[in-house]
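What follows is a set of notes on a single structure, which appears directly below.
The numbers here are math on the coordinates, done by the rules we state, and not lab data. Since we're looking at a predicted model, the values are computed, not measured. For neighbour counting, all protein chains shown are included, and Cβ atoms are generated from backbone atoms with ideal geometry for every residue, glycine included.
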Amino acid sequence: MSSRIIISTEINGEPAEFLSDERDSLLEALRDRLGLMGTKEGCNNGNCGACAVLLDGRLVNACLVMAAEVEGSQVTTVEGLAEQDRLIPVQETFLERGALQCGICTPGFLVAAHALLQEHPRPTEEQVRYWLAGNLCRCTGYDKIITAVLDAAERADAPSG
Amino acid sequence: MQDLRYARASSVAEAARLLADGGPTARVLAGGTDVIVQARERTRQITLFVDIKGIPEAVDLRAANGEGLTLGAATPCHQIYGDAAVTSSYPALIDAASLIGGTAIQGRASFGGNLCNSSPAADGVPPLIALGASALIAGPGGERRVPVARFTTGPGQNVLEEGEFVVALEVPAPAPASGARFLRFIPRNEMDIAVVNVASSLRFDGGEVVEACVVVGAAAPTALVVEAAGEALVGSPLSEESIAAAAAAARDAVRPIDDMRGSIRQRRHLAGVLTERTLRDAARRARGEEVVSHP
């Protein structure tokens with residue numbers, strides 16, 4: 001029989017200790033135990049990327065991680081991307097470019113794009129398309145998303161004033 | 001999710017004990033990209049996950065000069081293609097590591113998990129076989145080594161006995177004037193399961209091919225070493241004729257099925273095409289030319 005376990009971790013920069021079921025996925029723990037509803041459940045089998053989060057800085061699908069595995073780790077969800085009320089560039093460019101319609105895939109795309117720009121600050125379009133291949137969007141046709149990510153890369157690059 | 005327990009092992013002995021105590025429904029958790037889905041969708045009965053990522057040997061990555069590569073069974077793909085030594089000495093592994101799933105899958109998925117899941121279409125398996133890799137297995141009876149070529153025995157089946165698990169993969173150091181290449185055909189560019197995949201390796205001596213291995217995946221119950229292709233290549237310089245003979249041998253050897261990913265006819269054709277392409281690229285790598293894994 002599975003049992004309740006206490007998991008100590010750090011979520012979006014804050015220490016977090018929560019009670020979870022041993023059989024919970026990280027996705028279930030985030031949404032059902034911690035009320036962090038930004039991370040979406042799409043396919044629940046690793047194909048769609050709607051539940052993308054960063055685990056110790058690395059892009060993963062939260063549906064393919066057991067909650068028990070994140071003991072002692074750092075998790076970043078879409079809620080942790082903005083600094084206070086200030087959106088990060090890729091969040092701004094998604095809004096400006098209208099890179100979303102229904103919005104279910106958007107948190108996953110934002111987290112994945114953020115991870116991409118951390119690792120490749122000036123990606124080519126091909127790199128962006130490969131990197132985001134694990135995120136599915138059934139509304140936009142992707143072009144606006146790709147453009148928003150490329151725009152964000154340029155913006156982050158430009159001297160701030 | 002089915003009712004299951006989770007345990008994290010910190011040593012090989014502890015994992016072996018947990019697996020033995022857990023019985024036949026205990027399952028190793030490495031990257032989890034297959035087993036978590038199997039547990040959730042109840043395609044496999046799992047009552048205990050034994051997480052091996054806390055075992056140093058299982059998350060190892062050592063590519064000492066001339067001594068071969070030791071790859072922890074749970075070492076994730078992103079760490080493999082992020083490693084300069086693996087990238088320069090074992091590019092055929094990078095070919096596979098950089099196209100298994102998408103970025104988020106590569107953040108977790110491992111060659112050990114790919115091997116133990118034992119899918120006929122596993123992308124990690126043909127390059128391991130072409131490079132002559134072995135699996136280091138630990139269990140109640142101690143350690144043993146099994147060549148990756150003999151590890152998988154059928155779809156979803158392998159040589160692991162109850163309580164045993166793969167700790168690491170051992171890949172011999174590449175010989176001088178050798179090269180290997182892995183390619184996969186899928187209808188899109190990424191995030192799909194192979195219709196057919198092929199890994200080939202070649203070693204030259206004085207312009208002649210002295211060793212050759214062609215491995216075709218997703219075209220038989222297990223990844224298939226095409227012995228006749230090797231025989232068609234060894235003993236002469238690589239030529240259009242010998243490449244064509246190897247491709248014909250691959251087409252003859254495969255025993256594919258019809259399914260939603262491809263027909264028997266298409267898979268047979270692809271086995272030949274990918275054999276030719278991987279052999280040309282393997283020869284380029286053997287000459288020291290750069291062949292990029294994918295864009």
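Give the Debye-formula value of log10 I(q)/I(0) at each listed q (0.09, 0.11, 0.15 Å⁻¹), with one equal scatterer per alpha carbon of chain A, two decimals each.
The calculated log intensity ratios at q = 0.09, 0.11, 0.15 Å⁻¹ are -0.29, -0.43, -0.77.
Hey, what's the per residue convex hull volume over the C-alpha atoms of the range B:178-286, in cubic angstrom?
Numbers: hull volume 9.4 nm³, N = 109.
In the range B:178-286, the Cα convex hull volume per residue is 86 Å³.
Report the Cα centroid-to-centroid distance between the range A:108-161 and the range B:18-65 in angstrom, as an integer.
Their Cα centres are 33 Å away from one another.
Can you pull the percent of Cα pairs in the range B:5-51 with separation above 14 Å?
43
Distance between the C-alpha centers of the range B:260-278 and the range B:89-117? Whole Å please.
Taking the Cα centre of the range B:89-117 as reference, the centre of the range B:260-278 is 21 Å away.
Restricting to Cα pairs below 8 Å that are 6+ residues apart, what does the relative contact order work out to for chain B? Please round to a whole percent.
Relative contact order here is 16 percent.
Give me the angle, in degrees from 0 to 90, between the Cα long axis of helix B:264-286 and the longest principal axis of the Cα atoms of chain B, rounded to the nearest 10.
It works out to around 80 degrees.
Treating the beta-carbon of each Lys and Arg as +1 and of each Asp and Glu as -1, no other charges, what is the dipole magnitude of chain B about its Cα centre, to the nearest 20 debye?
Values: 28 positive and 33 negative charges, 128 e Å.
For this selection, approximately 620 debye.
Give the Cα extents of the range A:48-140 along the principal axes, in whole Å, largest first.
38, 29, 27
Any idea what angle helix A:106-119 forms with the longest principal axis of chain A, computed on alpha-carbon atoms, 0 to 90 degrees, nearest 10?
Between helix and principal axis, roughly 70 degrees.
Quick one: helix B:240-253 against the long Cα principal axis of chain B, what's the angle to the nearest 10°, folded into 0 to 90?
Long axis of B:240-253 versus the principal axis of chain B: about 40 degrees.
Please tell me the relative contact order of the range B:1-91 in percent, rounded to the nearest whole number, where contacts are Cα pairs under 8 Å and at least six residues apart.
29
Quantify how strongly other chains surround peptide B:189-200 by giving the mean number of their Cβ atoms within 10 Å of each of its Cβ atoms.
The shielding value for this peptide is 2.
Taking only Cα atoms of the range A:89-157, what ratio of Rg to Rh do you get with Rh as the Kirkwood inverse-distance radius?
Value, to two decimals: 0.91.
Would you work out which of B:GLY32, A:HIS120, B:GLN45 lies farthest towards the positive end of the dipole of the protein assembly as shown? Charges go on Cβ: Lys and Arg +1, Asp and Glu -1.
B:GLN45
When N is the residue count of chain B, what does its C-alpha Rg come to as a fraction of 2.2 N^0.38 Å?
Expressed relative to 2.2 N^0.38 Å, the Cα Rg reads 0.98.
Averaged over its residues, how many other protein chain Cβ atoms are within 10 Å of peptide A:61-72's Cβ atoms?
Average neighbour count from other chains, rounded to a whole number: 6.
Of B:LEU18, B:ALA180, A:TRP131, whose Cα points farthest to the positive end of the dipole of the protein assembly as shown (charges on the beta-carbon: +1 Lys, Arg; -1 Asp, Glu; origin at the Cα centre)?
B:ALA180
Using the crude model of +1 on Lys and Arg Cβ and -1 on Asp and Glu Cβ, and no other charge, please compute the dipole size for the range A:37-146 relative to its Cα centre, in debye to 20.
Using Cβ point charges on Lys, Arg, Asp and Glu, the range A:37-146 gives about 320 debye.
Taking Cα atoms of the range B:110-212, Rg/Rh with Kirkwood Rh, to two decimals? Let's see the in-between values first.
Numbers: Rg = 15.3 Å, Rh = 14.9 Å.
Over the Cα atoms of the range B:110-212, Rg/Rh equals 1.02.
Rg and Dmax in Å for the protein assembly as shown, alpha carbons only: what are they?
22.5, 69
Exposure proxy check: B:MET1, B:MET260, A:MET37, B:MET191 ranked by fewest other beta carbons within 10 Å?
B:MET260, A:MET37, B:MET1, B:MET191
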